[in-house]
Every structure is written in C-alpha cells, then in structure tokens.
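Worksheet for the structure shown next.
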Amino acid sequence: MHSEQTAGNEFLSPQATNNLPQKIREFALEAHLKANDSYSKLQVNSKLNSLSKVLSWFESLKDPLIPHHIWIECQTALGEAFDNVVIHAHKDLSSETMIEIGVKILSQLIIIKVWDRGPGFDLESQRLKVSQGVDDYAEHGRGIQIFDKVADYFSYFAEDDGRNCLLIIKFLPQQSC
C-alpha cells in the first residue's frame, strides 16, 4: 500500500483518503485525538518482556463487533510500536523509563497512541529510507512498512510535556443496521 504525504510527519493511506469523514466529522475526530485523558491507558517499563502485558491489556479492550482481522492488524501495529520504543527510543534510557499507551475505540475507528521519552526521530526521512527498500533479512527497518500497511493514518510528533507520541488510526467498516 502506498501512502500520500500530508502536512508534517502524517501519512494517509489511499483507502483513508477516499473514506475521510466530512469536514464537521473531522473536527469531532480532532477533539478525540487531542483529549488524551479519555483513553484507556497502560504504563509499562521499557523492557521487551513487558510486551505480553501490553498485548494482554489490549486484548481486554476488544469489542466483539470489531472484525478479527482489523483487531489483529491493530495488535500488530501496537506490538511493533512498543518494540520500537524499547529498542530505539529508550535504548539509552533506564529500563525503568515508562512507556505509556492509550487506546480509544470509537464506532468508526480505533486510535492508538504510544508515548516515549526518547530523542525522537524524523518520520518523513525514515519513510524515504524505507521506500528505497529494506533487506529481507534485516533485523530492523520494517516498522514503518508495517504501519503503512495496517494503519489508515499514522504520525509521530513531540508533545508539549516533552514526550513523543506515535499516533495510529485504523478506520472500522461501517456497521449496517
């Protein structure tokens, strides 16, 4: 899946571009994205073995109306995001440094936020590198490809409190009544 670049470090998949909400619904979505306090949240240490706790917690949030393949895609993206924080963002920090994860499930989408305290990185330049190809046998370098394939929207940005946030959005199919 190829994505088109929007302002900053944000990317939309072609499917999402065709299915974006009307302008009024965009304002409502923006309010949901900014309201960090209304997410189900989990904090864990920066240890790879904390991934099982993250995935168990995420599974406890599952809504039975969400199609299984979409849930697995979100779970995959969350696992990749968590691994990236531990391996890259927090590599020079104590393993006691907390990673915070927020999930919000709405009728039309799933929002996943993963906050880190690392130095941050330029998502756009990393996407360019990845677009030039990743060795099939490389140990690292597939995270952005995974986000590109499973997320309808993702971005990485600095928060006002000094943390960085990876934002992942997955649109859900419309339920018929």
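The values are calculated or read from the model by the stated rules, or taken from the named source; none is laboratory data. Every value quoted in this text rests on a predicted model; they were computed, and no experiment measured them. Cβ sites come from the backbone with ideal geometry, for glycine too, and all protein chains shown count toward neighbours.
Please pick out the residue among VAL150, VAL130 that is among the aliphatic types (A, V, I, L, M), without any contact (Cβ under 8 Å) to a residue 24 or more places away in the chain and in contact with a helix residue (DSSP H, G or I) (Cβ under 6 Å, 6 or more places away or on another chain).
Details: VAL150 fails: without any contact (Cβ under 8 Å) to a residue 24 or more places away in the chain.
Answer to the check: VAL130.
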Would you confirm whether any residue within the range 86-96 is surrounded by 15 or more Cβ atoms within 10 Å (Cβ to Cβ) and closer than 19 Å to SER38 by Cα? no
Mind checking which helices (runs of 4 or more DSSP H) fall wholly inside the range 42-133 and carry at least 2 residues that are modelled with pLDDT of 95 or more and among the hydrophobic types (A, V, I, L, M, F, W, C)? 51-60, 68-84
For the range 149-177, name all the residues that are surrounded by 14 or more Cβ atoms within 10 Å (Cβ to Cβ) and touching a Lys or Arg at 6+ places or on another chain (Cβ under 8 Å). VAL150, ALA151, ASP152, ARG163, ASN164, CYS165, LEU166, LEU167, ILE168
Determine if the range 10-21 includes at least one residue that is modelled with pLDDT of 95 or more and part of a helix (DSSP H, G or I). no
When you scan the range 62-113, how many residues do you find that are touching a residue at least 24 places away in the same chain (Cβ under 8 Å), under 14 Å from LEU172 (Cβ atoms) and not acidic (Asp, Glu)? 15
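So which of ASP148, ASP136 ends up being in a helix (DSSP H, G or I) and either modelled with pLDDT of 90 or more or farther than 18 Å from VAL86 by Cα (or both)? It would help to see each step written out before you state the result.
On the way: ASP136 fails: in a helix (DSSP H, G or I).
Being in a helix (DSSP H, G or I) and either modelled with pLDDT of 90 or more or farther than 18 Å from VAL86 by Cα (or both) holds for just one of ASP148, ASP136, which is ASP148.
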